[in-house]
Amino acid sequence: MLIGYMRVSSTDERQSVDLQRDALIAAGVDARSLYADKASGARDDRTGLKNCLEYIRAGDTLVVWKLDRLGRSLPHLLEIVTDLKGRGVAFRSLTEQMDTTTPHGELLFSIFGALAQYERALTRERIMAGLASAERRGRRGGRPPTIDAEKIELIVSALASGASKASVCRTFNVPRSTLTDTLRRLGQSNSKDNASDAGPEGLAKPT
């Protein structure tokens with residue numbers, strides 16, 4: 001069974017999923033098996049995507065119009081596709097012509113995995129350099145850091161992938177003030193806060 005997922009990044013009524021809907025239906029997806037969200041790709045609480053991933057079963061294929069409609073970042077995309085693969089679910093992206101049921105699709109997926117690993121290595125290198133720099137400068141007053149280096153690495157990686165500070169604080173159980181102080185010591189004080197993305201939830205599950 002083909003299951004389709006669609007997303008537009010704005011709640012503006014002028015933005016529509018019609019183009020994606022037409023492409024998915026033309027690819028063989030039943031209109032009753034379409035899920036959609038009107039939300040930023042950086043959000044980690046998309047209702048339509050959550051419902052889609054819960055509904056899909058082994059032997060099904062998840063189809064999207066374009067890769068960036070699904071994942072908020074390359075690591076997030078790989079996380080979703082890897083989970084689907086482990087559940088016996090295939091994945092297709094129409095624009096990039098990626099299909100994990102084909103050798104070509106498997107090759108692309110492997111390349112994406114290598115790129116994500118490289119990105120994580122660069123992130124770790126930047127974090128360690130920042131920690132070393134902060135240590136050389138010495139403490140500048142205030143409370144001592146209460147986030148260990150491993151958790152800092154995960155937090156910075158999540159922020160770099162588009163997660164909001166609010167969601168990071170919830171996920172890692174870190175007070176907002178502690179996160180802000182830690183990022184300032186690492187020279188990350190200009191990290192963008194995606195709180196403005198907290199718009200309406202995704203569209204309803206298809207009937």
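The values are calculated or read from the model by the stated rules, or taken from the named source; none is laboratory data. What you see is a predicted model, and the numbers here were worked out from it, not measured in a lab. Don't worry about glycine lacking a Cβ; one is built from the backbone with ideal geometry, like all the others, and counts go over all protein chains shown. Quick note on the areas: whole protein, heavy atoms, side chains included, nothing else; ligands and nucleic acids left out. Shrake-Rupley method; radii C 1.70, N 1.55, O 1.52, S 1.80 Å.
Can you find a residue in segment 130-151 that is buried (at least 17 other Cβ atoms within 10 Å of the Cβ), modelled with pLDDT of 75 or more and part of a helix (DSSP H, G or I)? No, every residue in segment 130-151 fails to be buried (at least 17 other Cβ atoms within 10 Å of the Cβ), modelled with pLDDT of 75 or more and part of a helix (DSSP H, G or I). Quick one: in segment 67-92, of everything that is open to solvent by 70 Å² or more (accessible area, probe 1.4 Å) and not in a helix (DSSP H, G or I), which residue is modelled with the lowest pLDDT? Checked segment 67-92; the qualifying residue modelled with the lowest pLDDT is Arg72. Counting only residues that are modelled with pLDDT under 95 and either in contact with a helix residue (DSSP H, G or I) (Cβ under 6 Å, 6 or more places away or on another chain) or crowded, with 21+ Cβ neighbours inside 10 Å (or both), segment 18-28 holds 1 of them. Exactly one residue out of Arg46, Arg32 is open to solvent by 50 Å² or more (accessible area, probe 1.4 Å), of a type in the set (D, E, K, R) and farther than 17 Å from Met98 by Cα, and it is Arg32. In segment 30-53, the residue that is farthest from Gly105 (Cα to Cα) out of those that are part of a helix (DSSP H, G or I) and aliphatic (A, V, I, L, M) is Ala31.
Among the residues of segment 93-110, those that are touching a strand residue (DSSP E or B) at 6+ places or on another chain (Cβ under 8 Å) and either surrounded by 14 or more Cβ atoms within 10 Å (Cβ to Cβ) or among the small types (Gly, Ala, Ser) (or both) comprise Ser93, Leu94, Met98, Asp99, Thr100, Gly105, Leu108, Phe109.
The single condition among (1) at pLDDT below 85; (2) crowded, with 20+ Cβ neighbours inside 10 Å that Ala114 does not satisfy is (2). Taking into account only those residues within segment 54-65 that are part of a loop (DSSP other than H, G, I, E, B) and touching a helix residue (DSSP H, G or I) at 6+ places or on another chain (Cβ under 8 Å), which is surrounded by the most Cβ atoms within 10 Å (Cβ to Cβ)? Taking the candidates together, the pick is Trp65.
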